[in-house]
Amino acid sequence: MTFGNRSVVVHLAKGIGGFGALWVALATMNTNLWPSLVLLPLSLYLLRGCPVCWTIGLFETIVMRFHQRLADKVQ
């Protein structure tokens, strides 16, 4: 599990926080640079690099949960 999280809810929460921080960082870049300098690294941390990495992690988390449920049914 490289990009995924233990639960889909945690992954979605990090995505909402990351996309929100990215949006605010880009929106305030022209008026005040300091929020952008703080929020841009925060968004990269929460998104695990980039929005594509976050999306790959979402699919990885969903597939992992699906396989765990199948394994629990077999045993």
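Condition (residue is in contact with a Gly (Cβ under 7 Å, 6 or more places away or on another chain) and of a type outside the set (S, T, Y)) applied to the range 7-16: is it met by at least one residue?
Taking every residue of the range 7-16 in turn, at least one turns out to be in contact with a Gly (Cβ under 7 Å, 6 or more places away or on another chain) and of a type outside the set (S, T, Y).
If we scan the range 45-54, do we find a residue that is outside any helix (DSSP H, G or I) and out of contact with any Phe, Trp or Tyr (no Cβ under 7 Å at 6 or more places or on another chain)?
Yes, the range 45-54 contains at least one residue that is outside any helix (DSSP H, G or I) and out of contact with any Phe, Trp or Tyr (no Cβ under 7 Å at 6 or more places or on another chain).
Of the residues that sit in the range 1-44 and are touching a residue at least 24 places away in the same chain (Cβ under 8 Å) and of a type in the set (S, T, Y), which one is nearest to R69 (Cα to Cα)?
Applying the filter and picking the extreme gives S7.
Looking at L70, L26, can you tell me which residue is surrounded by fewer than 12 Cβ atoms within 10 Å (Cβ to Cβ) and either within 17 Å of G4 (Cα to Cα) or modelled with pLDDT under 95 (or both)?
After applying the criteria, what remains is L70.
The values are calculated or read from the model by the stated rules, or taken from the named source; none is laboratory data. Note that this is a predicted model, so its numbers are computed, not measured. Cβ: placed from backbone, ideal geometry, glycine included. Neighbour counts: every protein chain shown.
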